[in-house]
1. I'd like to check which helices (runs of 4 or more DSSP H) are fully inside segment 10-115 and have at least 3 residues that are of a type in the set (A, V, I, L, M), exposed (fewer than 14 other Cβ atoms within 10 Å of the Cβ) and out of contact with any Leu (no Cβ under 9 Å at 6 or more places or on another chain).
2. In segment 27-49, what residues are farther than 18 Å from Leu60 by Cβ and out of contact with any Asp or Glu (no Cβ under 8 Å at 6 or more places or on another chain)?
3. Any idea which of (1) at positive phi; (2) in contact (Cβ under 8 Å) with a residue 12 or more places away in the chain is the one Gly19 doesn't satisfy?
4. Can you say whether His107 is in contact (Cβ under 8 Å) with a residue 60 or more places away in the chain and touching a helix residue (DSSP H, G or I) at 6+ places or on another chain (Cβ under 6 Å), as far as the supplied structure shows?
5. Looking at Ala61, Ala67 in this structure, which one is touching a residue at least 24 places away in the same chain (Cβ under 8 Å), of a type in the set (A, V, I, L, M, F, W, C) and closer than 30 Å to Ala113 by Cα?
Amino acid sequence: MSDTSAVESDCLFCKIVSGEIPGEIVHVTERTVAFRDINGQAPTHVLVVPRAHYPNAAALAAGDPEASAELVTAAAAVAAAEGHDDYRLVFNTGAGVGQTVFHTHLHLLAGRAMTWPPG
C-alpha cells in the first residue's frame, strides 16, 4: 500500500488512530500513535503504530521507510518518558508468530526482567 493516508475500515488499530475506538494514547507524532496494550505483558507495554494502514512491518518498511524508522524513534521517546533505559522492541509479522491485528505495530516492553530467547 503506497497511499500513506490508507485506512482499513474494519481495522481495530485504524479505529484507535482515528479516535473511533478509545485507547490510552501515550505519544503522538505526525506519522505514529502510541497506546497502551490492553493485554500488557510487562509493566510498560505500549504499541506504536503508523497512522497509515500497512499489514505488517515488512510492508511498512517497503511502503514508507520514514514511518518505519519513526516507530522506533517514538518507542524510544515513550520508554524515556516512562523512565526506562532498558526495554525490548518486538515486531510480529504473520499469524504464525502471534500477529493478531494486521496493522503494523511495534511492541515496547519494559519494567521487568526478560529472558532470551523470547517465546
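Where a number appears in this text, it was derived from the coordinates with a stated rule and is not lab data. Please read these numbers as outputs of a predicted model, since none were measured by experiment. So basically every Cβ, Gly included, is an ideal-geometry build from the backbone, and we count neighbours across all protein chains shown.
1. Hits in segment 10-115: 65-81.
2. Of segment 27-49, the ones farther than 18 Å from Leu60 by Cβ are 36-45.
Within segment 27-49, Asp37, Ile38, Asn39, Gly40, Gln41, Ala42, Pro43 qualify.
3. The single condition Gly19 does not satisfy is (2).
4. It is false that His107 is in contact (Cβ under 8 Å) with a residue 60 or more places away in the chain and touching a helix residue (DSSP H, G or I) at 6+ places or on another chain (Cβ under 6 Å).
5. On the way: Ala61 fails: touching a residue at least 24 places away in the same chain (Cβ under 8 Å).
It is Ala67.
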